[in-house]
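These notes concern the structure reproduced below.
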Amino acid sequence: MSEVKLTMSEAKLLDTINSPVDVKKLTVEQLVQLAEEIRQLLINVIAKNGGHLAPNLGVVELSLALHKVFSTPKDKLIFDVGHQAYIHKIVTGRRELFHTIRQYGGLSGFPKRSESEHDAFGVGHSSTSVSAALGMAVARDVKGEDYDVVAVIGDGSMTGGMAFEALNNAGDLHKKMIVVLNDNEMSISKNVGAMSEYFYHLRTGETYNKIKHDLEGWLSNVDFGGDVLKVIRRIKGSVKNLVLPTSIFEELGFTYLGPVDGHDIHSLIDVLETAKHIDGPVLVHVITKKGKGYAPAEESPNKFHGTGPYEVETGAKITNPNAPITYTEVFGKTIIELAKEDKNIVAITAAMPDGTGLTPFSKEFPDRFFDVGIAEQHAVTAAAGMAAAGLNPVVAVYSTFLQRAYDSVLHDICMQNLHVNLCLDRSGLVGDDGFTHHGVFDYAYLRSMPNMTIMAPKDEDELRHMLTTAVKMDTPVAVRYPRGSGIGVDIGSEKLELPIGKAEVLREGSDVCLWAIGTMVESSLQVADKLEEAGIRTGVVNMRFAKPLDKELLLAHAVKYKKLVTMEEGVLQGGVGSAVLEILNEAKLLGECAVLNFAIPDQFVLHGDKHRLFQDIGLDVDTMAVKTLAFVKGE
C-alpha cells in the first residue's frame with residue numbers, strides 16, 4: 001500500500017482534534033474522514049518508531065465512537081490490552097506528541113495514569129479491564145457518583161481466566177457497566193481454544209448478517225426512553241433464537257448486544273448509546289479487522305502486531321542484515337534439536353508462538369506443541385501436570401508475563417519438585433515497551449523458591465549449553481535471556497552440559513573481581529578493560545547460575561581480592577547481588593571483603609532506547625567503571 005499524502009484541507013480535521021470534546025462535535029461523515037486521517041497518522045508514525053500497528057488500525061472507528069458517546073475523564077474508559085489505545089491518546093490531547101510514542105522521554109505505548117487524566121487505568125498485559133471496570137463501578141456507587149464505566153477487551157484477552165472471574169462477579173453484583181468485546185479473532189497470533197470457537201459461531205454466517213441487519217434497523221429508530229427495553233428484548237431474543245439456546249454472557253448476568261460491525265461508526269454509536277441507557281452490566285460484541293486499512297497489516301496481522309520500523313510503501317521491515325542472530329532464534333533452533341533427541345520434550349506458550357520463537361517447533365512437532373492462550377498461570381500448572389506424568393515440558397514465556405503465574409511456579413512446580421523448564425525471554429530491560437514489559441524481577445522472586453535452579457547465559461552459544469543442561473535435569477529450572485540480538489559469537493555444533501552451580505573464571509586479577517551474570521558479563525569485560533587502563537588488576541567471573549551460586553569460588557575470591565563487584569540486569573532488592581551478600585555474611589566475611597552491587601534501582605524504569613535507560617540507572621559501562629575505580633581506591 002502506498003503512502004497517502006494528505007493535503008492541508010484534508011488534514012485540517014485531524015488538526016482540530018485537541019480533546020474528546022472536539023470529537024463530539026463531529027458528524028458521522030466527519031468521523032469517517034477523521035478515521036482515515038488517523039489511520040494514515042498511525043501508519044506513518046509507527047513506520048518510524050515501531051509499535052503496535054495492527055491492533056490500533058482495527059479499533060479506529062470503535063475508539064472514535066466511544067469518545068463520541070462517552071465523556072472522559074468523567075466517564076472511565078479502560079483498554080485491555082493497552083496496546084490498542086493509540087487512537088485514544090491521539091484524541092485526548094496528545095496528538096501533537098504522538099510522534100514521540102515509545103521514544104525516550106515521549107508518550108508511553110500503553111495507557112498511563114500519570115500521563116493523562118483520560119487514562120483511567122494503566123495496563124500493559126491483558127485480561128484485567130473487566131476487573132478494573134467493576135472496581136470503578138463499585139467505587140462510583142459507594143460514593144454516590146454518576147458516570148459510566150467502559151472496559152474495552154480484546155477477544156484474545158478473553159482467553160485469560162481473570163476476565164471470566166470478573167465477568168462472573170460483575171453479573172452477580174449487577175453494577176451498571178459496559179464491556180465492549182473487540183472481536184478480531186486474534187491476540188498476537190491466531191486465537192486458540194474453545195472460547196475462540198464460540199466467538200466464531202457468534203460472528204459468522206447467516207446469524208451474523210441477520211443480526212447486523214436487525215441491529216441497524218432497530219437502533220436507527222430507537223427513542224431512548226421506553227423503546228430501549230423493547231429493543232434489548234428483541235436483540236436478546238434474536239441472539240437466543242439464532243445463535244445458541246442462550247449466550248454465555250447472558251447466563252453470567254449481562255445484557256448481550258451484538259455482534260455489530262466495528263468499522264461502521266453509525267452502528268457503533270447507536271449500539272453504545274443503547275448500552276449506555278441500560279441499568280446493569282452490558283456486553284457489546286464488536287467485530288473488527290486487525291490491521292484494517294493497511295494491506296500489509298491486513299495480510300499479516302501477527303507480524304504487524306508489535307512491529308519495528310518498516311517501509312510504508314511495501315510494509316517491508318527495516319532491519320540490519322548484519323545483526324547477530326537473536327536469543328529467541330537461538331532458543332527456537334536449540335529446542336528443536338533437543339526435541340529430536342528427547343521425544344518427551346513438549347513446548348508450551350501462552351498465545352505467543354512467534355514472539356517466543358516456538359513457531360518452527362510447532363511445525364516440526366505439531367503434536368508436542370501447546371498454545372494455551374493468554375493464560376500464563378494455566379500454562380505453568382499444565383506443564384507441572386505434564387511433568388508429573390513423565391513429560392519434559394518447556395514453557396517459553398516473557399519474563400514479565402511469568403510474574404502472572406508466580407503462585408503456580410511456587411505451589412505447582414517447586415513444592416512438588418517437578419522438572420519444568422521455564423524459558424524466560426525478554427529478561428532485563430526491553431526498551432520501548434517500558435516498565436510494564438521490563439523483565440527485571442525474575443532473579444529476585446525465583447531465587448526465593450526452594451528447589452529452583454536459575455541460569456543466565458553470557459552469549460548465544462552459552463544459551464545452547466544452558467538449554468541442554470536444563471532439559472537433562474530432574475528438578476525445576478529457569479533459563480533467562482534478553483530481548484533481541486546476541487553479542488555476535490559463533491554458535492558451535494556442540495551442546496554441552498554445564499556443571500550445576502559452577503561459575504566460569506574469565507580473567508584473573510588481584511585488586512578487584514567483577515562477578516557478573518547474563519547480559520552484564522559482556523559489560524563487565526568492558527569495565528575490566530577500562531580499569532586495567534587505570535592500572536587496576538581486575539578479575540572477571542561469569543556467574544552462570546543465579547541459584548545455586550558457586551559458593552566455593554565466591555568465598556575464595558572474597559579472601560583473595562578483598563573487593564568484589566556484582567553486576568546484574570535485575571532488581572537490586574533480593575537479586576543476585578543480595579545472594580552474594582547473604583553468603584558472605586553467613587561466612588562472616590563482610591568485614592574482610594567489601595562489595596559493590598550494580599543492579600536495577602528501586603524504581604520502575606521508563607521506556608526508551610535501552611542504552612539511554614542504562615545511563616539513567618547507572619548500568620552503562622562508563623558509569624560502572626568510574627564507580628568501581630572509586631570503590632577500589634576507597635574514595
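Laboratory data are not the source of any read-out in this text; all were calculated from the coordinates shown. Note that the structure is a prediction, hence the values are computed from the model and not measured. Backbone-built Cβ (ideal geometry, glycine too); neighbour counts: all protein chains shown.
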Write down the radius of gyration of the chain and its Dmax, each obtained from C-alpha positions, in Å.
26.7, 86
How far apart, in nm, are the 7 Å Cα→Cβ label points at Lys502 and His611?
3.8 nm
Once amide hydrogens are built 1.01 Å from N within the peptide plane, the residues lying 5 or more places from Thr566 or on another chain with amide H under 5 Å from its amide H are Trp515, Leu596, Asn597, Phe598
Cα Rg, Dmax, the stretch 327-480, angstrom units:
13.8, 41
Between Ser493 and Glu337, the two model label points (7 Å from Cα along the beta-carbon direction) sit apart by a distance in nm of 1.0 nm
With a 10 Å Cβ neighbour count serving as the proxy for reagent exposure, in which order, fewest first, do Leu13, Leu584, Leu514 appear?
Leu13, Leu584, Leu514
Please report the antiparallel percentage of DSSP beta bridges with both residues in the stretch 239-391, rounded to the nearest 5.
10 percent
May I ask you to evaluate 6.51 cos²θ - 1.76 cosθ + 1.60, the Karplus curve with θ = phi - 60°, for each residue of the stretch 92-98 and list the ³J(HN,Hα) values in order in whole Hz, giving x for glycine and proline?
10, x, 10, 4, 5, 9, 4
Over the stretch 269-357, what relative contact order in percent results from Cα pairs under 8 Å that are six or more residues apart?
14 percent
For Val260, other-chain or 5+-apart residues with amide H closer than 5 Å (H placed, Pro excluded) are His285, Val286, Ile287
Quick check on my link table: of Lys458/Lys530; Lys48/Lys610; Lys530/Lys560; Lys340/Lys610; Lys76/Lys289, which ones sit more than 28 Å apart, alpha carbon to alpha carbon?
Lys340/Lys610
Can you run phi through the Karplus equation (6.51, -1.76, 1.60; θ = phi - 60°) for the stretch 321-326 and list ³J(HN,Hα) in whole Hz, with x for Gly and Pro?
x, 9, 5, x, 4, 7
Alpha-carbon centroid distance for the pair the stretch 531-582 / the stretch 91-169, whole angstrom
42 Å
For the chain the mean separation of alpha carbon contacts under 8 Å (6+ apart) over residue count, i.e. relative contact order in percent, is 11 percent
Determine ³J(HN,Hα), in whole Hz, for all residues of the stretch 292-309 in sequence, where each value follows from phi through the Karplus function 6.51 cos²θ - 1.76 cosθ + 1.60 and θ = phi - 60°; x replaces Gly and Pro.
3, x, 9, 3, x, 6, 5, 6, 9, x, 5, 6, 9, 5, x, 10, x, x
For the stretch 358-373 and the stretch 590-635, write down the distance between their C-alpha centroids in whole Å.
40 Å
How would you order 554-565, 368-379 from highest to lowest mean count of nearby Cβ atoms within 10 Å?
368-379, 554-565
Amide H within-cut-off set for Thr255, under 5 Å, with H built and near neighbours excluded
Val282, Leu283
Taking the Cβ-Cβ separation of Tyr406 and Lys25 as r and a Förster radius of 41 Å, what is the calculated FRET efficiency to the nearest 0.05?
0.30
